[in-house]
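Undergrad: Below is the structure I would like to discuss, written out as structure tokens.
The values are calculated or read from the model by the stated rules, or taken from the named source; none is laboratory data. Since this is a predicted model, take the numbers as computed values, not measurements. Reconstructed Cβ throughout: ideal geometry from the backbone, glycine too, with neighbour counts over all protein chains shown.
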Amino acid sequence: MRKILSMLVTVALLGTALVSCSKKQAGSSASSEEKKIKIGVSIWSSTDTLGSQCKRIVDAAAKALDVQVMYVDQGHISENVTSSAETLSAAGCDGIIICNSASAEMTSVINTCTQNKVYCAQFFRIISEETNPNEYALAARSPYFVGAVHENEVENGEKLVTILAEKGNKKIALEGWEAGDATFLLRWKGYKQGVEKWNASHSNKIELLEPQYGGTTSDTGRSTAEAIINANPDIDALIVAGGGGDTLVGALAAIESMGKKGKIAVVSTDFLADLDEQLKSGGMAAESGGHYCDPLIAFMLVYNAIKGNYAVSTNGFYDVNFPYLYVASPEDYASYAKYFVDALPYNQEELRAMAALSEKELEVATAKLSIEDVKSRR
């Protein structure tokens with residue numbers, strides 16, 4: 001009888017253990033589903049020319065890697081930039097990528113991410129150690145600030161001014177988007193540097209006017225361009241520094257409505273949706289930009305930090321430099337359109353392979369991105 005009771009107790013206990021184990025496995029499965037990686041994107045606009053391209057490539061990466069993404073459009077307004085990090089952290093993001101405006105905003109952003117244990121990387125931006133040493137030091141020591149993906153903006157500015165000078169332009173106006181923006185300041189440094197170098201070695205001197213600011217909408221871009229031209233009717237060139245593309249759309253509309261199309265050479269950074277037609281008609285002289293993949297690489301940095309694949313230093317951060325594309329003719333644009341507009345420069349298989357690269361290999365892949373690179377993979 002005792003043996004029978006003992007056997008019944010054993011069976012009962014075994015049954016309880018099996019049920020408990022079954023519940024634990026079910027709970028573990030549910031927990032696993034809940035832990036799907038979520039990455040937030042803080043961007044000036046996810047709908048303008050450049051922003052929509054950024055969203056397109058990030059969405060493709062998220063699909064390839066089965067990652068949730070959440071967007072906050074902050075318009076490069078400081079309080080919105082800083083609050084976007086709070087919003088995305090509160091929404092349960094494991095990491096965020098951010099295109100801030102002024103580097104000073106990154107103090108709040110980094111502190112928010114560090115407090116909430118949310119990994120963070122910048123795109124189209126880097127904090128300057130020289131001009132923002134405190135923010136740079138904070139980023140370097142944070143165990144949650146992964147890095148920055150950006151271009152050589154000074155070189156970009158210098159090249160665009162040189163293109164205008166080589167085309168014979170002499171008086172160049174400048175339209176920025178927001179005063180004090182970290183990237184604009186670097187481009188402006190490059191414009192001035194290009195003017196200085198040209199004037200030092202050529203008899204046909206060029207002049208660069210002080211910047212006027214056209215915000216990030218087509219309406220403000222248009223009104224600012226009109227004001228610039230009315231105040232300086234003898235300009236023969238205009239640099240629209242950037243701001244996502246809509247500022248340039250407005251500026252080009254102003255130039256055409258004032259009967260100046262083809263008389264004022266326009267260069268800019270951030271490719272237009274109709275760049276081909278603008279180059280053919282004389283609306284644009286040249287443009288830099290084109291790849292729109294900074295946020296993709298920032299996404300990969302954060303993704304791998306969340307997965308534990310990339311160590312995050314408390315004495316520095318990853319610094320990834322992207323090469324610009326330059327388009328100055330309809331022929332240039334045709335090649336660009338084939339590999340960057342009609343299709344993305346990376347397919348789903350390539351995006352999954354990119355996520356498996358080491359950080360150093362990711363830097364190499366970033367530096368290679370060009371029309372020729374995409375062509376070689378197709």
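Undergrad: Which of the residues that make up region 286-317 are surrounded by fewer than 22 Cβ atoms within 10 Å (Cβ to Cβ) and either of a type outside the set (S, T, N, Q) or not assigned by TED's automatic domain parsing to the domain that holds Ser142 (or both)?
TA: Selection gives Ala286, Ile306, Lys307, Gly308, Tyr310, Ala311, Val312, Gly316.
Undergrad: I'd like the full set of residues that are touching a strand residue (DSSP E or B) at 6+ places or on another chain (Cβ under 7 Å) and either on the phi > 0 side of the Ramachandran plot or not in a loop (DSSP other than H, G, I, E, B) (or both), limited to region 222-246.
TA: Of everything in region 222-246, those that are touching a strand residue (DSSP E or B) at 6+ places or on another chain (Cβ under 7 Å) and either on the phi > 0 side of the Ramachandran plot or not in a loop (DSSP other than H, G, I, E, B) (or both) turn out to be Thr224, Ala225, Ala227, Ile228, Ala237, Leu238, Ile239, Val240, Gly242.
Undergrad: So Tyr136 clears everything in (1) hydroxyl-bearing (Ser, Thr, Tyr); (2) at pLDDT 95 or above; (3) over 20 Å from Phe322 (Cβ atoms) except one condition, right? Which one?
TA: Exception for Tyr136: condition (3).
Undergrad: Something else: I need a count of the residues in region 37-58 that are touching a Ser or Thr at 6+ places or on another chain (Cβ under 8 Å) and in a loop (DSSP other than H, G, I, E, B).
TA: 4
Undergrad: Residue check: is Glu166 crowded, with 18+ Cβ neighbours inside 10 Å and of a type outside the set (Ser, Thr, Tyr)? First the steps, then the outcome.
TA: On the way: crowded, with 18+ Cβ neighbours inside 10 Å: no; of a type outside the set (Ser, Thr, Tyr): yes.
So Glu166 fails the test.
Undergrad: What are the residues in region 250-269 that are under 10 Å from Met284 (Cβ atoms), of a type in the set (A, V, I, L, M, F, W, C) and either assigned to a strand (DSSP E or B) or not assigned by TED's automatic domain parsing to the domain that holds Gly176 (or both), if any?
TA: Ala265, Val266, Val267
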